[in-house]
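The values are calculated or read from the model by the stated rules, or taken from the named source; none is laboratory data. All values reported here derive from a predicted model rather than from experimental measurement. Here the Cβ positions follow ideal geometry from the backbone for every residue, glycine too, while neighbour counts run over all protein chains shown.
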Amino acid sequence: MAEELREGLIAGPDGRPRCFWHGNLPDYLHYHDHEWGRPVADDRRLFEKLCLEGFQSGLSWLTILRKRDNFREAFDGFDFERVARYGEADVERLLGNAGIIRHGGKIRSTINNARRAIELAGEHGSLARYFWAHEPQPRERPAVLDLATLRANPKTEVSARISRDLKKRGWTFVGPTTVYAFMQAMGLVNDHIEGCSCRAEVEADRHRFARP
């Protein structure tokens, strides 16, 4: 087990090696296998993930994952055109919703970012076209993706560049570490550790994926 943890891999219930971080918790394992790193071009999902990464700040992703359905219901499925129209009554409604993270700053940030998302999608045609235009080139990626590399790089030059640009556009709660976690989850990079049984599957998905 010590060797497995050092390498960042653990055996799943089916015996296949996987990244260690899901801890074989059923819902987290499903997220690891079927969502994390799979390329996404749907604007709502991209907006949702960036907002939820903001809500995660100071918390674990598992906490957010287990509340995700509540967030989706509370924020109209993260339809940013609808969220952009929220006012103070909606803020109060959301602050009273025990099913989500009741943080006034993060709730207001989501509303602000919805308005900024409309502007960004209008300028670039879609959020997907904007974010995928920032997909790192092979030369910008580590030669070997192991646990030490991941822990040493919670952010990258690309995520810092996106973060700076979004902040200039008025987005909030989009620091470079938050943006990199978003990139990992939405498939702009494949950060499944070498030896993880999902790494090749995700790479195949990325190869087939039609960039916006």
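Out of THR156, THR177, report the one residue that is among the β-branched types (Val, Ile, Thr), at pLDDT below 95 and under 15 Å from HIS134 (Cα atoms). So that I can check it myself, show each step before the final result.
Values: THR177 fails: under 15 Å from HIS134 (Cα atoms).
Step by step, each of THR156, THR177 is checked, and only THR156 is among the β-branched types (Val, Ile, Thr), at pLDDT below 95 and under 15 Å from HIS134 (Cα atoms).
Restricting to segment 168-212, what's the tally of residues that are polar (S, T, N, Q), farther than 15 Å from TRP61 by Cβ and under 16 Å from the mean Cα position of the chain (by Cα)?
Narrowing segment 168-212 to residues polar (S, T, N, Q): 172, 177-178, 184, 190, 197.
Subset that is farther than 15 Å from TRP61 by Cβ: 172, 190, 197.
Checking which are under 16 Å from the mean Cα position of the chain (by Cα) leaves us with 172, 190.
Number satisfying all stated conditions: 2.
Among (1) surrounded by fewer than 21 Cβ atoms within 10 Å (Cβ to Cβ); (2) touching a residue at least 24 places away in the same chain (Cβ under 8 Å); (3) closer than 26 Å to LYS155 by Cβ; (4) within 17 Å of the chain's Cα centre (by Cα), which single condition is LEU50 missing?
Every listed condition holds for LEU50 apart from (1).
Select from segment 89-142 the residues that are among the small types (Gly, Ala, Ser) and farther than 23 Å from ARG38 by Cβ and list them in ascending order.
Initially, segment 89-142 is screened for residues among the small types (Gly, Ala, Ser), giving 89, 96, 98-99, 104-105, 109, 114, 117, 121-122, 125-126, 128, 133.
Hits for segment 89-142 are ALA89, GLY96, ALA98, GLY99, GLY104, GLY105, SER109, ALA114, GLY122.
May I ask you to say which residue of ILE107, ILE64 is surrounded by 12 or more Cβ atoms within 10 Å (Cβ to Cβ), among the β-branched types (Val, Ile, Thr) and without any contact (Cβ under 8 Å) to a residue 24 or more places away in the chain?
Details: ILE64 fails: without any contact (Cβ under 8 Å) to a residue 24 or more places away in the chain.
Criteria check complete, one pass: ILE107.
Quick one: what pairs do we get from segment 135-146, first residue closer than 10 Å to VAL189 by Cα, second among the polar types (S, T, N, Q), C-beta under 8 Å, 6+ apart or different chains?
PRO136/THR156
I need the full set of residues from segment 164-177 which are surrounded by fewer than 22 Cβ atoms within 10 Å (Cβ to Cβ) and among the β-branched types (Val, Ile, Thr), in order please.
THR172, THR177
So that you can scan it fast, the table gives a plain yes or no per residue for (1) outside any helix (DSSP H, G or I); (2) under 23 Å from the mean Cα position of the chain (by Cα):
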{"site": "ILE64", "(1), (2)": "no, yes"}
{"site": "ASP69", "(1), (2)": "no, yes"}
{"site": "GLU73", "(1), (2)": "no, yes"}
{"site": "GLY77", "(1), (2)": "no, yes"}
{"site": "ARG82", "(1), (2)": "no, yes"}
{"site": "ARG85", "(1), (2)": "yes, no"}
{"site": "ASP90", "(1), (2)": "no, no"}
{"site": "LEU94", "(1), (2)": "no, yes"}
{"site": "ILE101", "(1), (2)": "yes, yes"}
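What do you reckon, is PHE78 among the aromatic types (Phe, Trp, Tyr) and closer than 25 Å to GLU135 by Cα? Before the answer, list the steps.
Details: among the aromatic types (Phe, Trp, Tyr): yes; closer than 25 Å to GLU135 by Cα: yes.
Considered against the rule, which asks whether it is among the aromatic types (Phe, Trp, Tyr) and closer than 25 Å to GLU135 by Cα, PHE78 comes out as yes.
Would you say LEU5 is part of a helix (DSSP H, G or I), among the aliphatic types (A, V, I, L, M) and either modelled with pLDDT of 95 or more or within 19 Å of the chain's Cα centre (by Cα) (or both)?
Values: part of a helix (DSSP H, G or I): yes; among the aliphatic types (A, V, I, L, M): yes; either modelled with pLDDT of 95 or more or within 19 Å of the chain's Cα centre (by Cα) (or both): no.
So LEU5 does not fit the description; no.
Output the residues belonging to segment 149-162 that are surrounded by fewer than 20 Cβ atoms within 10 Å (Cβ to Cβ) and polar (S, T, N, Q).
Result: THR149, ASN153, THR156.
Which count do you get for residues in segment 181-201 that are under 16 Å from ALA152 (Cβ atoms) and among the hydroxyl-bearing types (Ser, Thr, Tyr)?
Looking only at that region, the number is 0.
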